[in-house]
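This report refers to the structure that appears directly beneath it.
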Amino acid sequence: MASQRSALYFLLAFLLFCGPSLAASPRYLSVSVDSVLGSRAQAPCYDPDTYEAPTSGNKLSVRPSCGGTKRDILAHDRDRLRTVRERSSSSSSSAMPPVPVTFPPIIPLTPGPAPAAEAPATTIPDHTGTNLDTLEFVVVVGFGTPAQTAAIILDTGSDLSWIQCKPCSGHCYRQHDPDFDPAKSSSYAAVPCGTPVCAAAGGMCNGTTCLYGVQYGDGSSTTGVLSRDTLTFNSSSKFTGFTFGCGEKNIGDFGEVDGLLGLGRGKLSLPSQAAPSFGGVFSYCLPSYNTTPGYLNIGATKPTSTVPVQYTAMIKKPQYPSFYFIELVSINIGGYILPVPPSVFTKTGTLLDSGTILTYLPPPAYTSLRDRFKFTMQGNKPAPPYEPLDTCYDFTGQGAIVIPAVSFNFSDGAVFDLDFYGIMIFPDDAKPLIGCLAFVSRPAAMPFSIVGNTQQRAAEVIYDVPSQKIGFIPISC
């Protein structure tokens, strides 16, 4: 009888603690330890002196360069969060001192292709940038005629794209590839002053030449000549008359990448510039594994997955015109809906950002998620925190790792199911095999929550700007 009472008490306690989870079946994800170890491996290096672009098809791939030392997550996201706060109070094209430069004379621009009844699309492989000393994701494209190769960061939180350019009369940081040389491009042109494009970049001028300046919140900056040239996506697709920054003075820690590809909502971003030719849709899939590529699509493509797209509304905030917001209202972990009111998420909003590593949640939501995760992970060996991650486990000696599944639920009913590697992160330098919950509590000074690129891994994320919606297709790369 006593044993029956004990069982009843246990059942009542379980119901009180887990009641909300009864609406859905428990959900778990698992991978083998060998798979995790393989996912942490470094991708093969590439040498720009021997690297050859493909001769046909969409096969322009990136092989990260050698010798980089990956920056720690905390430093990267701290810098990123300062950048977000900086942009919330000033334009992304904030005024910078003019930089005297000399470039070839302005030549007529080649107009982009006329819009088609069905806009074309092109695909570029993307890859982790760990061996280029960045925790962000990169693509390899070509600038100029003939094309000069550049490995650049994908950033949905920036508008103006830029690369380092010769003669670098100010300063260029060390990058693995040669700096872009405008003098070797027959299609290069500096943007004149007094044009709408120059005004969109801040209207700075040096004589008749338009200048640009972007200063980031961590103190890094890029300044130079606002330029136009042909952007080559791959051997079968290019975009003429692309406006970008030709960086003459670039200060700060950008790793060894050649620049940045702006995918934001502003007039100077690649999606905005390419909309008349490729339509207003783009998407990307950030790979789970360091050794395998994902992809960036410019234009609408037909999903290859049989899983239906989960679309949610693209929210626009007037004070942050370049950013993509989504209305997250709840989180499901292992079939259990966190007991957090939707207003905790919606009060400040949630930014979807490819340039932030982790996901930053409101403190009550993070605490609830962490506590539930710990409850589910009982039986695994805890490990010390790996700053800024405070929930870590030592999986050494295990054959497989089982974790609760996590999904984001949006106000319009859309659901985004995260990949295993969108929930757990396994730092390359953590020995033995340490895995940590890849979420953190949002700092008090941060104006909104952020869904970072770790949580977006393995899913195709579709930005349909004309329809004002964002779609998610799990397990796409």
Item to complete: Hey, can you tell me all the residues within region 389-428 that are charged (D, E, K, R) and without any contact (Cβ under 8 Å) to a residue 60 or more places away in the chain?
Response: ASP390, ASP394, ASP417
Worksheet entry | Positions within region 161-219 being at positive phi, in contact (Cβ under 8 Å) with a residue 24 or more places away in the chain and either β-branched (Val, Ile, Thr) or surrounded by fewer than 20 Cβ atoms within 10 Å (Cβ to Cβ) (or both), in sequence order | CYS168, GLY219
Worksheet entry | The one condition in (1) under 26 Å from the mean Cα position of the chain (by Cα); (2) surrounded by fewer than 22 Cβ atoms within 10 Å (Cβ to Cβ) that THR243 fails to fulfil | (2)
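Residue-by-condition table, conditions (1) in the same structural domain as SER467 (by TED's automatic domain parsing); (2) assigned to a loop (DSSP other than H, G, I, E, B):
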residue: ASN290; (1), (2): no, yes
residue: SER322; (1), (2): yes, no
residue: VAL329; (1), (2): yes, no
residue: THR348; (1), (2): yes, yes
residue: LEU351; (1), (2): yes, no
residue: THR356; (1), (2): yes, yes
residue: TYR366; (1), (2): yes, no
residue: LEU369; (1), (2): yes, no
residue: LYS374; (1), (2): yes, no
Discussion item. For region 273-286, check the following and say yes or no: at least one residue is modelled with pLDDT of 95 or more, on the phi < 0 side of the Ramachandran plot, not in a strand (DSSP E or B) and not assigned by TED's automatic domain parsing to the domain that holds GLY241.
Written reply: no
Worksheet item: Are any of the residues in region 301-317 assigned to a loop (DSSP other than H, G, I, E, B) and either crowded, with 22+ Cβ neighbours inside 10 Å or in contact with a helix residue (DSSP H, G or I) (Cβ under 8 Å, 6 or more places away or on another chain) (or both)?
Response: no
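For (1) in a loop (DSSP other than H, G, I, E, B); (2) not hydroxyl-bearing (Ser, Thr, Tyr), each residue gets a yes or a no:
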position	(1), (2)
GLN398	yes, yes
PHE416	no, yes
TYR421	no, no
PRO427	yes, yes
PRO432	yes, yes
VAL461	no, yes
SER467	yes, no
ILE470	no, yes
Worksheet item: What is the number of the single condition among (1) among the charged types (D, E, K, R); (2) over 16 Å from THR454 (Cα atoms); (3) surrounded by fewer than 19 Cβ atoms within 10 Å (Cβ to Cβ) that ASP428 does not meet?
Response: (2)
Item to complete: Could you tell me whether region 330-338 includes any residue that is farther than 22 Å from TYR421 by Cβ and over 24 Å from the mean Cα position of the chain (by Cα)?
Response: yes
Discussion item. Condition first: closer than 20 Å to LYS166 by Cα and assigned by TED's automatic domain parsing to the domain that holds PRO146. Can you find one or more residues in region 232-240 that meet it?
Written reply: yes
Practice prompt. Determine whether SER368 is among the small types (Gly, Ala, Ser) and out of contact with any strand residue (DSSP E or B) (no Cβ under 7 Å at 6 or more places or on another chain).
Written response: yes
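The values are calculated or read from the model by the stated rules, or taken from the named source; none is laboratory data. No experiment lies behind these values; they were computed from the predicted model shown. Here Cβ is always computed from backbone atoms with ideal geometry, including for glycine, and neighbour counts include all displayed protein chains.
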